[in-house]
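The structure appears right after this line, and notes come after that.
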């Protein structure tokens with residue numbers, strides 16, 4: 001998976017987390033918190049661990065370029 005695609009997917013996955021921080025209604029904030037809890041739970045599955053590991057290695061690679 002190329003670097004740009006990996007960062008785009010991660011951005012799309014993390015974007016709804018903003019709902020938890022928005023100043024909207026309580027229901028919207030709760031949906032955001034539930035989404036964060038869902039991501040937290042999914043991060044402990046095998047595919048979730050692989051994705052996080054791959055993204056972490058990509059971040060380390062980018063940091064080494066600096």
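The values are calculated or read from the model by the stated rules, or taken from the named source; none is laboratory data. Please read all numbers here as calculations on a predicted model, not as lab measurements. Don't worry about glycine lacking a Cβ; one is built from the backbone with ideal geometry, like all the others, and counts go over all protein chains shown.
How many residues are modelled with pLDDT under 90 and surrounded by 10 or more Cβ atoms within 10 Å (Cβ to Cβ) if we restrict to the stretch 1-20? Before you say what the answer is, go through the steps one by one.
Of the residues in the stretch 1-20, the ones modelled with pLDDT under 90 are 1-3, 16-20.
Remaining after also requiring surrounded by 10 or more Cβ atoms within 10 Å (Cβ to Cβ): 1, 3, 16-20.
The total comes to 7.
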(message) With the structure loaded, tell me whether residue 49 is at pLDDT 95 or above and either at negative phi or assigned to a loop (DSSP other than H, G, I, E, B) (or both) or whether it fails that test.
(response) yes
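Take the residues in the stretch 35-46 that are assigned to a helix (DSSP H, G or I) and touching a helix residue (DSSP H, G or I) at 6+ places or on another chain (Cβ under 9 Å); name whichever of them is surrounded by the fewest Cβ atoms within 10 Å (Cβ to Cβ). I'd like the intermediate steps shown before the answer.
Kept after step one, since they are assigned to a helix (DSSP H, G or I), are these residues of the stretch 35-46: 35-42, 46.
With the extra rule that they be touching a helix residue (DSSP H, G or I) at 6+ places or on another chain (Cβ under 9 Å), the set shrinks to 35-36, 39, 41-42.
Details: 35: 18, 36: 16, 39: 14, 41: 10, 42: 14.
Ranking the candidates gives 41 first.
Suppose we filter 30, 66 for residues that are exposed (fewer than 10 other Cβ atoms within 10 Å of the Cβ), out of contact with any helix residue (DSSP H, G or I) (no Cβ under 6 Å at 6 or more places or on another chain) and modelled with pLDDT under 90; which single one remains? Even if it seems obvious, please write down each step before you answer.
Details: 30 fails: exposed (fewer than 10 other Cβ atoms within 10 Å of the Cβ).
Going through 30, 66 in turn, the sole match is 66.
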